[in-house]
Amino acid sequence: MLLLDENQEVLTLVTNSLKNDMNHSNASTVSLALCTFANISSEEMARDLVTEVERCLGSGNAYIRKKAALAALRCLYKVPELVDHFEGRAMGLLGDRNHGVLLTGVTLVTEMCRLVGGEPFRQAVPILVRHLKALVTTGYSPEHDVSGITDPFLQVKILRLLRMLGKDDAEASEAMNDILAQVATNTESAKNVGNSILYETVLTILEIEAESGLRVMAINILGKFLGNRDNNIRYVALNTLNKVVAMDTNAVQRHRSIILDCLRDGDISIRRRALELSYALINESNVRVLTRELLAFLEVADNEFKLGMTTQVCAAAERFAPNRRWHIDTVLRVLKLAGNFVREEVLSGFIRLIAHTVDLQSYTVFKLYTSLRADVSQESLTLAGVWVIGEFGDVLLQGGTTVGGEDEEATATTSDAVSEKDVLDLMENILLSPYTNNNIRGFVLTALTKLSTRFSDPTQLARIKKALKGFETSIELELQQRSIEFGTLLGMEGIKGGVLERMPPPEIKATVMGTVSEKRPVGSLRRDKDALLDLMGDESSTPAAAAPSAAKQQTTQDLLADIFGSNDETPAAAPSVSTPSATSAVDDIMGLFGQTSLSPQPTGASSSSYSAPPSASADLFSSLSSSPAPVAATPPPAPTPAAAAAPQQLEAYNSNGLRITLTPQRDSSNKLVVNILARFTATQPVQSVNFQAAVPKTQKLQMLAMSKTDVSPGATETQQLRVMVAAPGLADLSALAFARKALVRLRLRIAYSINGAAQQDQTDFSFPAGLMA
Amino acid sequence: MSTQLNERDNGVSFILLISRQGKVRLAKWYTTMSTRNKNKIIKDVTQLVLARRTRMCNFLEYKDSKVVYRRYASLFFVCGIGQQDNELITLEIIHRYVEVLDRYFGNVCELDLIFNFQKAYSILDELIIAGEMQESSKKSVLRAVGQSDSIEEAETSEDSLARLGSGHAR
């Protein structure tokens, strides 16, 4: 058995001699055969010898019965469908008086439960309960005693089987409530043996449909475990609480202080478990306390924990922050304590937070400035600091007072103005520090360039230029490129002010959530872009793509005709739309262009599409009727050719309680741009709305993010779209004329979920013609 | 080749006896896997276990299974179990094995296990089969081992007697 295993070919020869041995009259021979079988049986051997094993289960000799039970277990591991062979005999084993047979019998039945479910074995509950009761109540039995407890091995096995039988079965659970309570109260917890039984009992109570009182008792036992001096017990308790915390957070919250104490334990396994558990415990009400504790631990934590901790603490701060000020302070402390172990997402989330929190910008800049002066060894802190100083350097020069929120340190913070020289000294310090790397240098270069428009002292400006020049010969390509480009940019007086002005605050908050969390690294924005690309499909294959190049020679009318399906192109496009599998992206786009010629807009352009041969238009209509269901299901595009100028809401989509209206308005500064405001209202809660749009090739679309992706009834969420109507390359005048006549058409794709069920719809929408005039 | 340690999430998957110097004194596998895989597991687990200090808890996580170990004098008894198993009772199983060895050899030491490894294996076979405990009574285990010993003895003496007899006849 040491040298052989089930994969050896010689085993086929062994099968027959094992069979003979199992039928032997000598018990020792039979038991040896069973033992060998249980060690090396392969799938075929299990099939061949299953009847012998089954017979041995009924043997008069207890020694053989128990070996046969485990041999049967091996059969089931190898060939689960043999389970029927053992059902009757296995139940018989549960009534056995011999502890060895009982132990193996319970093990076998447990495995059978796992294979076929607890149903056929539920009738065994009373007898198991009786066995357990006997074990708990009998006094000293020398044969099976382990430090004062009778047969803990058997108790644990029975408890585990009870767990499988009581799971999702109220009646069976009811039958075992009493005995579980008895085991939980009567088992002495001074030694490891007793605790192993208590531990198994707790697991059983938590898994079955136990009474609430019993559950409280189970959690309390775990709480007691936490206070135990034995590391093993504490480890087990933390591990189990980790499973429980999802079910019943409040019960676990009660033991918070002990769990936090475990963070300081000498054993890394325990620290890790405690840390995991404390992440799970953070909620709105305790976020301040817990975060303070975690930050205190972060200071002394092992390096391998730090990355996870910074991510988790920042994520928790983001989810539960009582106010912005606290949030900023927390992230700042994280950066200070463990700036070398911060994920990029956390950093960019922080920067986004600063950009959005206008009233605290000056506070944050000063905070970062002072901490950078004190310490430049934390990479992420340096990066954040340099970026912020570059961006908001002018604030630094003004000094200012920030009144905090209801924070502990809520006193107004007054910061003295900093001189331009000090800021540049700091930047040079960073460049010279031994902790710097190319990433930091790149950030510093950008920051310096930005500062050059915020500073006015000519000597300092000269310093900036000098510092930039220093990198023109850098062997690092990125740095060299930056320094040369920025150097040139600084020479261009006309545009540098515009180029270097403050960045607009990055998109919305909701994505911050998504990007910071480890589990959902993809922000919704990125997905949007991909999906849009998808939606646009392979444009070069559409006939319209060729049109703009010919634009100059043609009148605008012809151009339009060309783009929106000229006589020649449409018949070709239509059949592909009418194919049943008209869902691929290319076909979608085809559909977009094909269908536009269907809606006879009273512009000059459409006259040419009217003159299309009748057969072609018939094709088009048929294509519409056979187009995919979502399009057919949605209401037709709002046809009201209403008053021209007034911004009006046009219904674009209304289904499943979600209504989307579009309000177009021509941009006041640029006649070629149409701003469209999409409003989302709902009659029932709609989650994770994802609204995408595509426009024909000649137009350009810019979408801002949605104000909130979850629409609740009564609330109105909005999303801004900008459509540039003109095709690039046209002379301004003709572009304007073109734009007047062009129609804004959108293909919309709406994805959302209602009550967890995902929905996706697609619809086409075109604005009434009068709109653009 | 799957690197999965366990075919199931319960039951013992291996038992190793490792000396403080990292030498394997006994290795028993309850799941079938290639020699290469076994060697890798032995190497990894040995490293993990030997690096632990005394005050630390006796449990480790290794791949998809748990490892429970306990040190007795110069030997580490290491036991791989499934995710669903009770670590505390596993410690008791290890202890039970040590107790039986101790009773059998009389104050067992590492050398006993080196020179009588076949005994160590056969005792283990009386205690654990197919990854599950088969007998909770120490006495029964010792009785069974004693019986098989006496049968073996009887057979060897019979054997030598027979050889002696046949030699005499010739």
Problem - Single residue of A:Ala72, A:Ala62, A:Ala27, A:Ala46 found to be surrounded by 24 or more Cβ atoms within 10 Å (Cβ to Cβ) and either among the aliphatic types (A, V, I, L, M) or modelled with pLDDT under 90 (or both) - result: A:Ala72
Exercise for the section: For region A:244-252, state whether one or more residues are more than 22 Å from A:Asn192 (Cβ to Cβ) and either among the aromatic types (Phe, Trp, Tyr) or without any contact (Cβ under 8 Å) to a residue 12 or more places away in the chain (or both). Expected result: yes
Practice task
Go through region B:66-107 residue by residue and tally those that are within 14 Å of chain A (Cβ to nearest Cβ), open to solvent by less than 20 Å² (accessible area, probe 1.4 Å) and not in a helix (DSSP H, G or I).
Solution key: 9
Problem - Condition met for A:Lys78 (over 26 Å from B:Thr35 (Cα atoms) and touching a residue at least 24 places away in the same chain (Cβ under 8 Å)) - result: no
Practice task
Test each condition in (1) open to solvent by 50 Å² or more (accessible area, probe 1.4 Å); (2) not in a helix (DSSP H, G or I) for A:Ser257 and report the one that comes out false.
Solution key: (2)
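Does A:Arg122 fit the bill of being away from chain B (no Cβ under 14 Å), basic (Lys, Arg) and touching a residue at least 12 places away in the same chain (Cβ under 8 Å)?
Working: away from chain B (no Cβ under 14 Å): yes; basic (Lys, Arg): yes; touching a residue at least 12 places away in the same chain (Cβ under 8 Å): yes.
Yes: the conditions hold for A:Arg122.
Do we have B:Arg36 as under 15 Å from the mean Cα position of the chain (by Cα), at pLDDT 90 or above, within 14 Å of chain A (Cβ to nearest Cβ) and open to solvent by 40 Å² or more (accessible area, probe 1.4 Å) here?
Working: under 15 Å from the mean Cα position of the chain (by Cα): no; at pLDDT 90 or above: yes; within 14 Å of chain A (Cβ to nearest Cβ): yes; open to solvent by 40 Å² or more (accessible area, probe 1.4 Å): yes.
The answer is no for B:Arg36.
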Exercise for the section: Counting only residues that are modelled with pLDDT of 85 or more and touching an Asp or Glu at 6+ places or on another chain (Cβ under 6 Å), give me the helices (runs of 4 or more DSSP H) lying completely in region A:424-510 with at least 1 of them. Expected result: A:438-454, A:458-470, A:477-491
Exercise for the section: Quick one: in region A:125-152, of everything that is open to solvent by less than 10 Å² (accessible area, probe 1.4 Å) and not β-branched (Val, Ile, Thr), which residue is farthest from the other protein chains (Cβ to nearest Cβ)? Expected result: A:Leu128
Exercise for the section: May I ask you to list the residues in region A:153-167 that are closer than 11 Å to A:Leu128 by Cβ and away from chain B (no Cβ under 12 Å)? Expected result: A:Leu162, A:Leu165, A:Gly166
Handout entry: Subset of region B:108-159 [away from chain A (no Cβ under 11 Å), β-branched (Val, Ile, Thr) and without any contact (Cβ under 8 Å) to a residue 60 or more places away in the chain]
Key = B:Val108, B:Ile123, B:Val145, B:Thr156
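Only one residue in A:Asn177, A:Asn192 is of a type in the set (S, T, N, Q), over 17 Å from A:Val252 (Cβ atoms), within 14 Å of another protein chain (Cβ to nearest Cβ) and touching a Leu at 6+ places or on another chain (Cβ under 8 Å). Which one? Walk me through how you get there before you give the answer.
Values: A:Asn177 fails: within 14 Å of another protein chain (Cβ to nearest Cβ).
Unique residue meeting the criteria: A:Asn192.
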Exercise for the section: All but one of (1) open to solvent by 50 Å² or more (accessible area, probe 1.4 Å); (2) more than 14 Å from chain B (Cβ to nearest Cβ); (3) more than 20 Å from the chain's Cα centre (by Cα); (4) farther than 24 Å from A:Val342 by Cβ hold for A:Ala246, so report the exception by its number. Expected result: (3)
Completion exercise
Going through region B:114-132 in order, the residues found to be open to solvent by 10 Å² or more (accessible area, probe 1.4 Å) and aliphatic (A, V, I, L, M) are B:Ile114
Problem - Filter result for A:Val342 (farther than 22 Å from A:Ile259 by Cα, of a type in the set (A, V, I, L, M), under 21 Å from the mean Cα position of the chain (by Cα) and open to solvent by 20 Å² or more (accessible area, probe 1.4 Å)) - result: yes
Exercise for the section: For region A:449-484, name all the residues that are open to solvent by 40 Å² or more (accessible area, probe 1.4 Å) and touching a Phe, Trp or Tyr at 6+ places or on another chain (Cβ under 8 Å). Expected result: A:Leu461, A:Gln480, A:Arg482
Practice task
Keeping to region A:84-117, report how many residues are surrounded by 23 or more Cβ atoms within 10 Å (Cβ to Cβ) and more than 21 Å from A:Phe153 (Cβ to Cβ).
Solution key: 1
Exercise for the section: Return the total of residues in region A:157-171 being surrounded by fewer than 23 Cβ atoms within 10 Å (Cβ to Cβ) and within 20 Å of A:Gly213 (Cα to Cα). Expected result: 5
Exercise for the section: Could you tell me which numbered condition A:Thr185 fails, if it satisfies all but one of (1) surrounded by fewer than 21 Cβ atoms within 10 Å (Cβ to Cβ); (2) touching a Lys or Arg at 6+ places or on another chain (Cβ under 8 Å)? Expected result: (2)
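I'd like the full set of residues that are of a type outside the set (S, T, N, Q) and either open to solvent by 30 Å² or more (accessible area, probe 1.4 Å) or without any contact (Cβ under 8 Å) to a residue 12 or more places away in the chain (or both), limited to region A:421-435. Spell out how you get there, then give the answer.
The initial filter retains those residues of region A:421-435 that are of a type outside the set (S, T, N, Q), namely A:421-428, A:430-432, A:434-435.
Listed by number, the residues that qualify are A:Lys421, A:Asp422, A:Asp425, A:Glu428, A:Leu431, A:Leu432, A:Pro434, A:Tyr435.
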Handout entry: Cross-chain or 6+ apart pairs with Cβ under 6 Å, region B:52-65 first and at the interface with chain A (Cβ under 8 Å from one of its Cβ atoms) and among the aliphatic types (A, V, I, L, M), then part of a loop (DSSP other than H, G, I, E, B) and surrounded by 14 or more Cβ atoms within 10 Å (Cβ to Cβ)
Key = B:Met56/A:Asp267
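Please enumerate the residues belonging to region A:261-298 that are of a type in the set (Gly, Ala, Ser) and either within 14 Å of another protein chain (Cβ to nearest Cβ) or touching a residue at least 60 places away in the same chain (Cβ under 8 Å) (or both).
First, pick out the residues of region A:261-298 that are of a type in the set (Gly, Ala, Ser): A:266, A:269, A:274, A:278, A:280, A:285, A:296.
Correct list: A:Gly266, A:Ser269, A:Ala274.
The values are calculated or read from the model by the stated rules, or taken from the named source; none is laboratory data. Please read all numbers here as calculations on a predicted model, not as lab measurements. Cβ: placed from backbone, ideal geometry, glycine included. Neighbour counts: every protein chain shown. The accessibility values were calculated without ligands, DNA or RNA, using every heavy atom of the protein model including side chains. Shrake-Rupley method; radii C 1.70, N 1.55, O 1.52, S 1.80 Å.
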